[in-house]
1. By its C-alpha gyration tensor, with a ≥ b ≥ c as the square roots of the eigenvalues, how is segment 400-440 shaped: rounded for a/c under 1.5, else prolate for a/b larger than b/c, else oblate?
2. So how do 199-209, 242-252 stack up, highest first, on mean other-Cβ count within 10 Å?
3. Between the alpha-carbon centers of segment 402-427 and segment 23-91, tell me the distance in whole angstrom.
4. Where the centre of each part is set by its Cα atoms, how far does segment 332-398 sit from segment 159-208, in angstrom?
5. List 257, 148 from most exposed to least, where exposure is judged by having the fewest other Cβ atoms within 10 Å.
6. Would you please put 440-447, 31-38 in order of how densely packed they are, using the mean number of other Cβ atoms within 10 angstrom per residue and starting with the highest?
7. Quick one: order 464, 112 by neighbouring beta-carbon count within 10 Å, fewest to most.
8. Counting pairs of alpha carbon atoms under 8 Å apart in space and at least six apart in sequence, what relative contact order in percent does segment 12-91 give?
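No value in this document is a laboratory result; all are computed from the given coordinates. Note that the structure is predicted; figures quoted are calculated from it, not measured. Every residue, glycine as well, gets a Cβ built from its backbone with ideal geometry; the counts of neighbours run over all protein chains shown.
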């Protein structure tokens, strides 16, 4: 009788991608008929100024509407790859059997507690039903349940792959726009503004690093999900006992990757660098660090206040406002170690801005909190005067309030100053004609400073220390 088996010799090199030198995954063909992994083409375009040229013959290819995903597939390579994978998987299981390793009997039952297929003798010895440690069902029933779970998981995985591909297309486009915005910014920088140019370059490198990491993470998850989908499909085509041996591992791996894809949603934030012209570029370069800010005085109306953070020199000359724009008047500004700024708006929210003007984070505090003045501590906690609850509070960078100080003593706390060397916080109050000293550790009132004669002052709006002042 003639045999239906045909032995075909395939050169593994024919199935390799010329970019990554690994076996092709989801191959796409260019107009020159050269084929590459879809993920490799994404990385290639990203590092090639957004242009699609063949890595082998350098022929230019247009990027179609819908992105690289819509490039023509290579049916021959896809069929060949599928055939090779099936042969490899058959080779892996060749020689294995669906018999119990302990009793050499057919695996007809499944222990849902131990997650293993078993034979009838196992049900009388190692996996006895009714002892509370084992629950037994028919192997076919277990396989049907596995198929139902797999269908739901495959739908979720396909949705995740679709979302990842959309995110990849967006962040790849963001990378191109990022570089274009960098080049536009550098053209606006004057020849003598070396320091400003260096900051743009640094900002670009940092943003590009984040963007590259996003592409790398998305590509990795996409690849892992595709690989596990292939394994799952192979199990579903296997006979029940063989499938159930590896079902739990494959399902768990797919669920892990789907959870990872959920965690990285909304990563496709547009990244751009913009250079803002200033009428005093020389002064701005000389005093680029923000050392002083203009806050609202007690006797100025709300509508007369600027909507940006400004800085001044040592004699009070105010420079052009910085490009950190907010909808309402800023009440407090704190500079961080990374030169970012924390800005309070007399609400329960603190915003973190880059010096370039972009808001990068929002810290939300409990309802009723109204943050006025702030002071950042060495452990990265934030001490602030809470006009809403009439006290001083300390929170972490996640908005969790750690402690409250001065409740029942303060009426309308405003400016604060922390001396961490002595663990003392100094507080000014608009409605009390003196300054307060509290222990920052236990919150105890240590001393009141200043005259307390009614009618002379309406209170104090701010407080600070100089090196000349010493309190005994």
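1. The shape class here is oblate.
2. So the peptides 199-209, 242-252, ranked by packing, come out 242-252, 199-209.
3. Each part's Cα centre sits 63 Å from the other's.
4. Going from one Cα centre to the other spans 28 Å.
5. Working: 257 23, 148 10.
Lowest count first: 148, 257.
6. Working: 440-447: 13.2, 31-38: 18.2.
The densest-packed peptide leads the list: 31-38, 440-447.
7. Working: 464 10, 112 13.
So the ranking, lowest neighbour count to highest, is 464, 112.
8. On the way: 85 pairs, mean separation 22.2, N = 80.
Across segment 12-91, relative contact order equals 28 percent.
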